[in-house]
Structure formats: structure tokens, C-alpha cells
Amino acid sequence: MLRYEIATLTNSFGSTPKVAAAIENFSNDAEAKGKLLGVFAADIGQLNQVIVLRGFETDADLTSERERTLAATSPFGSAEWLIGLTLESYAPFPFLPPVEPGEYGPIYEIRTYGLKTGGLQPTIDLWEGAVPARSKFSALTIALYGLDGTPRITQIWPYKSLAERSAARADSVAQGVWPPKGGPDWLTTDMRSTIGLPTAVSPLR
């Protein structure tokens, strides 16, 4: 896939199951573009949020779906519960395969790092060299770079449990596999992490 979108819906307390069902319906509408890939409920991080990952084959499809979402009287069918909405456009690191739905979790970590000026290409190059070794500790769903807003990268990692996450991160660091050597030099201190749990409608499980 050429483009991805991460939508973050901040919702009223207790509304996540209803919001998730509405997101599925909105994304499967006859006029919708793109492919619904993940619908995650934030479990650790800022709560009362649903994070939506959608993929697009072309820039035109992403633009069309963005306009449909913004013009909707009920974006993602969730106006009844919606408190806040952000829509972010991304491109994948070019060496990675497209996201494929499947059971990889059920713990998903969504991490976003700010990039220093000029840091994108060095970061991609360093990740390309380091991801194969890091993936032996745990798989990488996707790594993306922002096409709008603040320069940033976002990465999504699935784990079977929080304990597996901790072990994979600790072991990869202890063995000198991760982070990519020189990679942190290109990052700012703007770093965020959310642990998301797949909702009942999420193709990524």
C-alpha cells in the first residue's frame, strides 16, 4: 500500500464498542475508499480513544476518503460519542511489506517519535539495516513517516502479552540489536506510546 491513515477518535466514556461498530460500517460504505486494517481501543496511554489504521493504494484514494470523512455529518458514524478527532497521513518505510490483516496480538504498541530536521532518510536507512535482526525478537506490523503535521515516524508492534513486549525490548537492547545504531541521534524528545487492544471489528487481531 502506498499510503496509510491513522485516525484517533476521542470518545465519551464507555462508548468504545459502539464507536468500533460505527467505524466498521463507515469504512465499508459503498462510497468509501481504502482498506480498514486496525481498530484499537487505547488501554495504556490516553484513555477513551479509538485508533483506526486504514490503508490506501493511491494518493487519490487517501484524499478522497479524507474529504469524505471531513464532510460527513457523522465522521466514522461516531458523532453521537465523538469528543475529538485527528486524521494523520503516512507513507510506509519503503523496504517494508504492506500490512496484512491477521492474528498477531492481542497487544499492539503504537509508538510515535518526532524527527529532527533532515532525519527522515537517515532513519529509514538505519531501520532498513536493523529491522531484520529486531524482528527476530518480535514482529513489526509497519513503520510509517508522517506526510503532514510535525515531522515524525510511527511504528506499530504486536505482542502476545505485555510480558512478551518487555522481554523483547529488553533483550534486543541488551544484545545491541535495537535501537538502530545512530538512530536516536535523529529523534527529538517528542515521544509517545499507546498500548491498544483490538476491538471486535479489527482486521488486525
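Just so it is clear, none of the values below were taken in a lab; they were calculated from the coordinates. These numbers come from a predicted model, not from an experiment. Cβ atoms come from the backbone with ideal geometry, glycine included; neighbour counts cover every protein chain shown.
Annotations for the structure displayed:
- Prolate/oblate/rounded label for the range 74-190 (Cα gyration tensor, a/c 1.5): oblate
- Charge context of I156, other residues only, Cβ under 14 angstrom, K/R +1, D/E -1: +3
- Per-residue [θ]222 nm for the chain (sum of -39500 (n - 2.57) over DSSP H runs n ≥ 4, rounded to 500): -8000 deg cm²/dmol
- With contacts taken as Cα pairs under 8 Å and at least 6 residues apart, the range 3-92 reaches a relative contact order of 49 percent.
- Between the range 142-168 and the range 109-127, the C-alpha centres lie 11 angstrom from each other.
- Cβ-based net charge around D190, under 11 Å, with every Lys or Arg adding one and every Asp or Glu removing one: +3
- Global geometry of the chain, whether rounded, prolate or oblate, following the gyration tensor of its Cα atoms and the 1.5 cut on a/c: prolate
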